[in-house]
Amino acid sequence: MVHTKFFIKTMGCQMNEYDSDFLAGSLIDLGLSPVDVPEAADVLLINTCTVRAKPEQKAYSLLGRFSEIKNRKSDVILGVVGCLAQQKSAELLKRFPGIDFVLGPRDLSGIRGVIQELQSAIRKRKKIVATELENSIPAPKTAFTRSNGGVTAFVSIMEGCNNFCSYCIVPYVRGREVSRSPDDIILEVRNLIACGVKEITLLGQNVNSYCWAEARETSDFVSLLAKLDEIEGLRRVRFTTSHPKDLSGELIECFGTLNKLCPHIHLPFQAGSNEVLKRMKRRYTREKYMDHVARLREVVPDIAITSDVMVGFPGESEQDFESTLDLIRSVQFDGLFSFKYSDRKGTVSNEMPDKIGESEKSRRLKILQSLQKQITLIKNKAIEGRTVEVLVEGQSKKGGQLTGRTGSNKTVNFISDKEVIGEIVNVYIERGFLNSLRGRQLLRM
Ligand code: 5AD
Ligand code: SF4
């Protein structure tokens, strides 16, 4: 059987979305084409996440579903990649015998070889497991990353993490920090621009510690941003994620000096209590975080600030939780990703005493989310009557409208001609909702 169609299910973070685009590009290069439903594919891939218990459970249930497809069509190639693949490795094969290969996030560049090997040995197919965590410089993925036809794209600038926050599995599944060379990054950005991309989001677990040092050339994150700002055809640059302990004054200044850098920063705070931050090994205080916010707003008064926060970290008292709510009220975030703490095997917090019960975590999360909803709505309503610049990304799911985002990363839906897709247009905001803004395009001069 010649395998011709593939389906990739992506779970987890933007880094996984980026990796999945790379996998798709690699498979297209082998002559396969993507399909929309798993039942129509003969190569099935799941790109997994293990940062919390929920995505892990989702991956298992999807593996169950894909295993059933494989039971019906034994020629199907079933692969598991990404962070859960890294963590569980060959163990996954025991639980789901239909799996043909397991690749960790650092082994994805081998995907073409793996598929070719499995195709040629279809009768006596062996299992392939590659979950080495060598800290080599990531293999250039430039040849196979391509735009998925959109106006925006992700570009990974570094992989891994050296921080070891006490709750976090990432350093164990994505390894230590390694940065890509500026040349490799710039080449990828240029390729994307040639495909019609106008906005890129630079990805890394902690982009502030991006560091390329070679005899010939050194580059930190600020100088990388400066280089990207010069690239013709590129309209907007974003980055995620930043760690508050490494947010430098120089980087904050960039929001005021670099034309293409969008007025938005995602700066996870995780908790508002200094005691909890200490046990999380975050290495900043609530006061330091608030200083960053003040400084960012000095440089760009209406910069959008979004964040990640957790409730129910081991030992989190009612008072600690109140400190988190208080920080949210003080900062007035534009948006928040909020999670219930979940134990991850192998992390330091997994062994901590005074775990918080599930129902208490749910109660705290509900209170926090309802507070943030009020703030987000007030913030979005404050934009009513203002004119904003929108990079038009495509047609919105709701018929007849176009959709795009402001520099501050808010979704705007409006009526206009399809010909403005890929352009930055002025939109007058008529209504602000919880998850989007609605407006009308102003005539161009
Ligand atoms: N439990 C709950 N949330 C977690 N995160 C990371 N590890 C855990 C965990 N063990 C959250 C953090 C991080 C986001 C990507 O996921 O808020 O910023
Ligand atoms: Fe999930 Fe973290 Fe892996 Fe992203 S890096 S997929 S968030 S575990």
Q. Name the pairs: first residue in the range 336-352 and closer than 20 Å to Ser362 by Cβ, second residue within 7 Å of ligand 1 (Cβ to nearest atom) and part of a strand (DSSP E or B), Cβ to Cβ under 7 Å, at least 6 apart or on different chains?
A. Leu336/Val309; Phe337/Asp308; Ser338/Val309; Phe339/Met310; Tyr341/Met310
Q | Those residues of the range 190-215 which are more than 20 Å from Gly404 (Cβ to Cβ) and in a helix (DSSP H, G or I), in sequence order | A | Arg190, Asn191, Ala194, Val207, Asn208, Ser209
Q.
Return the pair list, or none, for Cβ contacts closer than 6 Å from residues in the range 6-30 that are over 18 Å from Ile77 (Cβ atoms) to residues that are within 14 Å of ligand 1 (Cβ to nearest atom) and part of a helix (DSSP H, G or I), at least 6 apart or on different chains.
A. Met11/Pro55; Gly12/Pro55
Q. How many residues are on the phi > 0 side of the Ramachandran plot and touching a residue at least 60 places away in the same chain (Cβ under 8 Å) when one looks only at the range 372-417?
A. 2
Q) Given the conditions (1) outside any helix (DSSP H, G or I); (2) modelled with pLDDT under 90, and given that Val129 satisfies all but one, which numbered condition is not satisfied? A) (2)
Q.
Being more than 21 Å from Phe333 (Cα to Cα) and either open to solvent by 50 Å² or more (accessible area, probe 1.4 Å) or small (Gly, Ala, Ser) (or both) is the filter here; which residues of the range 388-402 pass it?
A. Glu393, Gly394, Gln395, Ser396, Lys397, Lys398, Gly399, Gly400
Q. Inside the range 289-304, can you point out the residues that are more than 25 Å from the chain's Cα centre (by Cα) and within 18 Å of Arg329 (Cβ to Cβ)?
A. Asp291, Ala294
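Residue-by-condition table, conditions (1) open to solvent by 50 Å² or more (accessible area, probe 1.4 Å); (2) of a type in the set (A, V, I, L, M, F, W, C):
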{"residue": "Asn47", "(1), (2)": "no, no"}
{"residue": "Val51", "(1), (2)": "no, yes"}
{"residue": "Ile69", "(1), (2)": "no, yes"}
{"residue": "Ser74", "(1), (2)": "yes, no"}
{"residue": "Ser89", "(1), (2)": "no, no"}
{"residue": "Asp100", "(1), (2)": "no, no"}
{"residue": "Pro105", "(1), (2)": "no, no"}
{"residue": "Leu108", "(1), (2)": "no, yes"}
Q) Just one of the numbered conditions (1) within 13 Å of ligand 2 (Cβ to nearest atom); (2) of a type in the set (Ser, Thr, Tyr); (3) part of a loop (DSSP other than H, G, I, E, B) is not true of Ser166; which one? A) (1)
Q. Which residues, taken from the range 1-19, are open to solvent by less than 20 Å² (accessible area, probe 1.4 Å), out of contact with any Pro (no Cβ under 7 Å at 6 or more places or on another chain) and under 26 Å from Asn206 (Cα atoms)?
A. Met15, Asn16, Tyr18
Q | Residue tally, condition of a type outside the set (Asp, Glu) and assigned to a helix (DSSP H, G or I), over the range 341-373 | A | 16
Q. Which ones in the range 159-209 are within 16 Å of ligand 1 (Cβ to nearest atom), of a type in the set (A, V, I, L, M) and closer than 28 Å to Glu232 by Cβ?
A. Leu203, Val207
(Q) Restricting to the range 323-373, and then to whatever is within 30 Å of Asn409 (Cα to Cα), open to solvent by 30 Å² or more (accessible area, probe 1.4 Å) and within 16 Å of ligand 2 (Cβ to nearest atom), can you tell me which residue is farthest from the chain's Cα centre (by Cα)? (A) Lys340
Q.
Can you find a residue that is under 16 Å from Thr201 (Cα atoms), within 20 Å of the chain's Cα centre (by Cα), open to solvent by less than 10 Å² (accessible area, probe 1.4 Å) and at pLDDT 95 or above anywhere in the range 253-264?
A. yes
**Q.** Hey, Cys195 away from ligand 2 (no atom under 16 Å from the Cβ) and in contact (Cβ under 8 Å) with a residue 40 or more places away in the chain or not
**A.** yes
**Q.** Filtered residue count, the range 80-90, keeping only those that are at pLDDT 95 or above and either over 25 Å from Gln205 (Cα atoms) or more than 16 Å from ligand 2 (Cβ to nearest atom) (or both)
**A.** 0
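The values are calculated or read from the model by the stated rules, or taken from the named source; none is laboratory data. Quick caveat: nothing in here was measured; it's all calculated off a predicted structure. We place every Cβ from the backbone using ideal geometry, glycine too, and count neighbours over all the protein chains shown. Note: areas computed on protein heavy atoms with side chains; ligands, DNA, RNA excluded. Shrake-Rupley method; radii C 1.70, N 1.55, O 1.52, S 1.80 Å.
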